[in-house]
Amino acid sequence: MVRSALEQAGYPGHVLVACSGGPDSLALASVAAYFARRGHVDGHPLTVGAVVVDHQLQHGSAQVAAEAADVLKELGLSPVEVRTVSVASAGMGPEAAARAARHSALEDAAAEQGAAAILLGHTLDDQAEQVLLGLARGSGTRSLAGMRPARGILLRPFLGLRRADTLQICEVEELQPWHDPGNADPAFARSRTRVEVLPLLEEKLGPGVAESLARTASILQLDADYLEDVAERTFSTLVERSGTELSLPEEALADLAPAIRFRVIAKAAADVGGQQPSYQRLLAAEGLLRRQGSAGPVELPGGVSVFRLSLAELDAAGRSAAPGRQPDGGAPVPREGARCGKLVFRSHKPPQK
């Protein structure tokens, strides 16, 4: 699996293993260490380093990180770094905040070491849990597609491997993994999914549920990639820019298939600095297309407003020497009928200095 991942990544010369000291990442480190000792993969030179990220979320985390680093050095990985991060949860949940801090630290380490790839130890069980959580949240295709085997420099060679397999690898290699108590903490939805929900599903529905969920993610990844590609090309064709604002022509947007239309609206919001809108917020923004006259604004996450300008108001603004007032939450906007108009996206965040 590691060999295949490195082959598909174009045989990077230096890679990093992200290791917490847990069984999954420690098993991955031991496999990567095999190739490091050989010094090549399929004849292509290879060196392997490692990074242990200390999130400082548990008492004694620094010691756990230091012990994991010692094990990695004994395996022959070099260089081995411990990176301490501060997890800021503003605007996101604790798991997402920890992931963002971890990925930032890993990418910084890769840049400094000149590593072209980072190996992550996520398993098939992690993928199944991800799909279940997405279903519980009512997520769309992008979320249900789960984690990708490769995204940028991040590689997940163990996505086809069960968690029990990584425990067996550690046992064979005589490694003593650290078991994160947070993985069994019922305060976290992912922990409940891991300890209670998935075992119950396999008990009631029979074995193979995890594999089926992971297979569902693989299938949906193909659909999500296709829709994303179509949406990106469509957005690039339709977008009109004016300073820090952008707009999308109403008629062309309304003619799109809903699956593409919602994605194009989300891309417009992201383009002006917003965050991924929820389905409810996307519905509200898309609903502006069915309003009469100018309407809005609809507020989207990340400080973005979207509003509809009618053709009548656009014509009036074009005939006026002075720029017309915009529906930005200040003065009321005209409500006259219109043949066609546009959706305008505007960021309210102060410009970065």
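The values are calculated or read from the model by the stated rules, or taken from the named source; none is laboratory data. All of these numbers come straight from a predicted model, not from anything done at the bench. Note: ideal-geometry Cβ built from the backbone for every residue, glycine included; neighbour counts use all protein chains shown. For accessibility, only protein heavy atoms count, side chains too; no ligands or nucleic acids. Shrake-Rupley method; radii C 1.70, N 1.55, O 1.52, S 1.80 Å.
For region 200-291, the carbon plus sulfur part of the accessible surface works out to 55%, probe radius 1.4 Å.
Rounded to the nearest 10 degrees, the angle from helix 23-38 to the longest Cα principal axis of the chain is 70 degrees. Computed from Cα atoms, the angle from the helix 163-172 axis to the main principal axis of the chain rounds to 30 degrees. Counting only protein heavy atoms and a probe of 1.4 Å, the accessible surface of region 16-172 is 53% carbon and sulfur. Bridgeable aspartates and glutamates around K267 (alpha carbons under 14 Å apart, same-chain partners fewer than 8 residues away excluded): E228, D229, E232, E240, E245, E286.
Relative to the longest principal axis of the Cα atoms of the chain, helix 258-271 runs at roughly 80 degrees. Secondary structure note: in the chain, about 60% of the DSSP beta bridges are antiparallel.
Per residue, region 112-258 exposes an accessible area of 55 Å² to a 1.4 Å probe, with every protein chain left in place. Here H348 sits with roughly 100 square angstrom of accessible surface, probe radius 1.4 Å. Annotation: extensible slack from Q113 through R99 equals 3.0 nm (criterion: 0.36 nm per residue apart, minus Cα-Cα distance). Dipole of the chain computed with +1 at Lys/Arg Cβ and -1 at Asp/Glu Cβ about the Cα centre; of G152, S218, G296, farthest Cα towards the positive end is G296.
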